[in-house]
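Contents: one structure, followed by commentary.
What follows draws every value from the coordinates through simple rules; no lab data is involved. Predicted model, so just to flag it, every value in this text is computed and none were measured. All Cβ positions, glycine included, derive from the backbone under ideal geometry; neighbour counts span all protein chains shown.
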Amino acid sequence: MRACRQPASSPFAAVARRLRGGIAATVLAPAAVLASGGWVPDAGLAQAIHAQVHEAAQAEPGRPPTARVAVELGRLDPRLRLAPCERVEHRLAGRAWGATRVALRCVQGPTRWQVHLPVTVQVLAPGWVAAADLPAGTVIGTGHLRHGEVDLASGAIGTGDVAAAGRTLARPLATGEPLRAADLRARQWFAAGEPVQLVAVGRGYSVSGQGQALGPGVEGQRVRVRTDSGRIVTGWRCEGRASAARPGPRSGGWRQNPPAPPSSRRRAHR
């Protein structure tokens, strides 16, 4: 074990294309109406925002090609009393995934203002849901899960993302509730004191050696290892393969103390 798009015919599609990639677009039609003494977006502006966010979500890295995108525009704080505005620019202010925001900026009106409109983006795809009520501590086996449509943007696990069989639930799941990565207990690959194999990888070379774990090798957590020479290295156990290591931040993998050259990587496995 080792340590380690709206349709092209839509008049708002062009607006959405201009917005993609963070480029602001301007709504030239009347952008708002006055309601209860405050500003609210009209139907045209709302449709343009929806088109922008939908197209951006379709282009998000990691979205399965068959996944269905659903966009829901939220509401501004009803306590806001914004001045009338003739022209509003809008820009996606975050990733088009899950809970996000669209910045609205008045660029032509008696008073300039800027607010953020909350937006929720769902990325719906086949995934795993609980086939029955499952208590915390359940070791997932045959019959515990079934296929269902899940929201990947909420952290739910798609059918092709992870092998859940044999994993232990960290929290209870109700029947039909999607399985999320955070619902699974982190796996421990080895215990403190166990021998592990270290692998240093660089351009054109790979060097291995032995060491002793100074702490438990827990999934997603750093662990320190003492080499046979007494030096201490720190890194992560790579997930998913028995003989691979997860690169660490900046250094790219195992970090020696004192730091090794930036081109080198340090890994460990048992």
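Ranked by the mean number of other Cβ atoms within 10 Å per residue, highest first, peptides 76-85, 207-216, 99-108 order as 99-108, 207-216, 76-85.
Take the Cα of ALA46, step 7 Å toward its Cβ, do the same at GLU194, and the gap between the two points is 5.7 nm. For segment 134-175, just say rounded, prolate or oblate: build the C-alpha gyration tensor, square-root its eigenvalues into a ≥ b ≥ c, call rounded for a/c under 1.5, and beyond that prolate if a/b exceeds b/c, oblate if not. Since a/c reaches 1.5 and a/b is larger than b/c, the shape of segment 134-175 is classed as prolate. Using a Förster distance of 45 Å, how high is the FRET efficiency between ARG105 and THR159, based on the Cβ-Cβ distance and rounded to 0.05? Efficiency computed from Cβ-Cβ geometry: 0.65. For the pair GLU177 and GLN114, a Förster radius of 51 Å applied to the C-beta separation gives a FRET efficiency near 0.85, rounded to the nearest 0.05.
In terms of its C-alpha gyration tensor, segment 85-147 comes out prolate, because a/c is 1.5 or above and the ratio a/b outweighs b/c.
If you take every residue apart from GLY94 with its C-beta less than 13 Å away from the C-beta of GLY94, what net charge results, scoring Lys and Arg +1 and Asp and Glu -1? Every neighbour counted, the sum reads +2.
If the chain linking LEU214 and ARG231 were pulled fully straight, counting 0.36 nm for each residue of separation and taking away their Cα-Cα distance, it would gain 4.9 nm. Given axes a ≥ b ≥ c from the Cα gyration tensor, I'd like to know whether segment 81-222 is rounded (a/c under 1.5), prolate (a/b larger than b/c) or oblate. Verdict is oblate for segment 81-222.
When you count the other C-beta atoms within 10 angstrom of each residue and take the mean per peptide, 189-197, 109-117 line up highest first as 189-197, 109-117.
Here the label points at ARG187 and LEU80, each 7 Å from Cα along the C-beta direction, are separated by 4.6 nm in the simple model. Computed from the Cβ-Cβ distance with R0 of 25 Å, the FRET efficiency linking HIS147 to ALA70 stands at 0.85.
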